[in-house]
Amino acid sequence: HSFPTRRSSDCSFRKKLVLGIIGGILLIIFLVWAFVFAPHATIVIAARTTSSSINTDVTIADNVSTSVDKATLKASVATQSDDISQEFTATGTKNAGNKANGSIELSNESLSSQTIAAGTKLTTSSGLVFVVDTDVTVPAATFPCGNISCATPGQTNSNVTADKSGATYNAASGNLNGAPNNVNATFNDPTSGGTDKIVKVVTQADVVKAKQTLVDKNTDDVKNELKKEFKGDVIALEDTFQADYSKVVSAPAVNAEATNGKATLTGEVVYKMYGVDKSEVDEYLNKTLEAKLDSSESQHVYETGASKAQFQDVTKTKNGAQATLVATGHIGPKIDEGTIKSEARSKKFGDIQADIQSISGVKSVDVKFFPFWVSSVPNDVKKISVEFKLDESN
């Protein structure tokens, strides 16, 4: 009756042994991680810096590269196109009635024939304009008696049509001005046939106003959409917003009759806005600040100010804008991160603090160890991080 008890004890012993072995392995793994892989140190250096203001005029364009020497910044461009159809009211009027017409006699007193081209405008003494319908040649003067005492002007007739519609052009008579030298023009009979019919027409001002209404109505929404088109971290220049309506036309066209006084704008409108990627701004500001350093050996640009940079007095141009770039950068002592890591290996907090604070321009030093039981910096530089904090108190 004692055998089952022995077997149970043996089984319990084996379980404890296995668990002990597993626990030992886990402990070894933990110790290796804790003292070989996990240790890490972060050295935080607060450096005294001075602010440096930048206020400079720049040319922003998509066809230039960023250059401090040329004062240029490479621009990003966002575009969007929309097909539009917008009805508007035509406000112009014109007389669409029939044009008066008549016949004139042309008399040429010169010694050579003269040709009057179709479209030549002749004006009555009251200011009414009539247009010659077809090319007409007026014969030269003749001399039946063989000398100048009996000169006979060359004569011919031509049809003319009023320059504009309307009954005002009826009953015109008398001489007309505008014929070539030595040629006289006179109505044969009073003109007739002109009638009045006042209709609404589209004016250029109507089209401009309708386009502007579209711009005003859509501007805010389109600007927001264009901002979403920019790739990366871009400073959008809203003052460069453009709306190209060159492909938008009016139906009916300008000066054409608008049935019921209504017309429609249709076509494609292209919207555009320029911006500058902050990486371009950062590059420009960094080079600008570096040029201000007293000594490249002892000073360093800690912050260019690109994150808070602004463009003021923006004036849009064909390919971008003219603007004033305003930013504040920070300059401080030049501290080599690689040297700091190398010299901090295996040292404790106090030693590191004393070494680094002896560097001119360093205000304070802190060392953060991980995990909490670590009290000295690892010997491997890959396990050492260096962070810089700006102190603008001086």
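Observations, loosely collected:
- Residue count, the range 59-105 (criterion: farther than 30 Å from Asn175 by Cα, part of a strand (DSSP E or B) and among the polar types (S, T, N, Q)): 11
- Any helices (runs of 4 or more DSSP H) falling wholly within the range 277-394 and containing at least 1 residues that are at pLDDT 85 or above and under 30 Å from Asn63 (Cβ atoms): 278-290
- For the range 114-133, the count of residues that are among the β-branched types (Val, Ile, Thr), modelled with pLDDT under 95 and under 25 Å from Ala96 (Cβ atoms) is zero.
- Checking each residue in the range 220-254 for being within 19 Å of Leu73 (Cα to Cα), basic (Lys, Arg) and not in a loop (DSSP other than H, G, I, E, B) picks out only Lys227.
- Being open to solvent by 50 Å² or more (accessible area, probe 1.4 Å) and hydrophobic (A, V, I, L, M, F, W, C) holds for only one residue in Ala306, Ala344, Ala291, and it is Ala291.
- Filter result (under 19 Å from Arg345 (Cα atoms), in a loop (DSSP other than H, G, I, E, B) and modelled with pLDDT under 70) within the range 1-45: Ala38
- Filtering the range 319-339 to residues that are open to solvent by 10 Å² or more (accessible area, probe 1.4 Å) and under 19 Å from Glu387 (Cβ atoms) leaves His330, Ile331, Pro333, Lys334, Ile335, Asp336, Glu337, Gly338, Thr339.
- Within the range 106-151, the set of residues being open to solvent by 50 Å² or more (accessible area, probe 1.4 Å) and either of a type in the set (Ser, Thr, Tyr) or assigned to a strand (DSSP E or B) (or both) comprises Ser112, Ser113, Thr115, Lys121, Ser125, Ser126, Thr134, Thr137, Thr142, Ser149.
- Selected residue (only one of Thr49, Thr93, Thr59, Thr79 is open to solvent by less than 40 Å² (accessible area, probe 1.4 Å) and within 50 Å of the chain's Cα centre (by Cα)): Thr49
- Any hit, the range 278-299, residues being touching a residue at least 60 places away in the same chain (Cβ under 8 Å) and under 18 Å from the mean Cα position of the chain (by Cα): yes
- Residue check for Asp277: open to solvent by less than 50 Å² (accessible area, probe 1.4 Å) and charged (D, E, K, R): yes
The values are calculated or read from the model by the stated rules, or taken from the named source; none is laboratory data. All values derive from a computational prediction rather than experimental measurement. Reconstructed Cβ throughout: ideal geometry from the backbone, glycine too, with neighbour counts over all protein chains shown. SASA here: full protein model, heavy atoms, side chains in, ligands and nucleic acids out. Shrake-Rupley method; radii C 1.70, N 1.55, O 1.52, S 1.80 Å.
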